[in-house]
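Enquirer: This is the structure I have questions about; it appears just below.
The values are calculated or read from the model by the stated rules, or taken from the named source; none is laboratory data. As the structure is a computational prediction, the values presented were derived from the model and not from experiment. Accessible surface is based on the protein model in full, side chains and every heavy atom, while ligands, DNA and RNA are left aside. Shrake-Rupley method; radii C 1.70, N 1.55, O 1.52, S 1.80 Å.
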Amino acid sequence: MAFDGTWKIDRNANYDKFMEKMGVNMVKRKLAAHDNLKLTVTQEGNKFTIKESSTFRTIEIVFELGVTFNYSLADGTELSGTWNLEGNKLVGKFKRIDNGNELNAIREIIDGELVQTYIYEGVEAQRIFKKE
């Protein structure tokens, strides 16, 4: 699958505004903008394993397409939701545990880069990764 491989953060678009809307304080937002995030993605059928490695933490997330799972963001925000494959896009639909608000995410390969788009309460941001 096109998502397989190791991806290193290259740049962000509107990420600070997104984190602010999510309720992340200014200090954490400044740190998160320079987290050196690296994703290692492996797909086996409908099962995905994503290893996230950053300045703040290293975790492994395993999920199956269409199956609800819980996930904690680096700032501690807890989510519940699913990832599904829609064409060439991984589409995530999540709800925050604390307030029930929706957080949507899209992962897609555009011009050889992994583009993660987040949408929360009308604010859209992107994190763009280059393959290592």
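Enquirer: For the chain, max minus min Cα coordinate along each principal axis, in Å, sorted largest first?
Expert: So the three principal-axis extents are 38, 31, 26 Å.
Enquirer: How many percent of the accessible area of segment 24-132 is carbon or sulfur, using a 1.4 Å probe?
Expert: 48
Enquirer: Taking only protein heavy atoms into account and a 1.4 Å probe, give the accessible area per residue of the chain in Å².
Expert: 55
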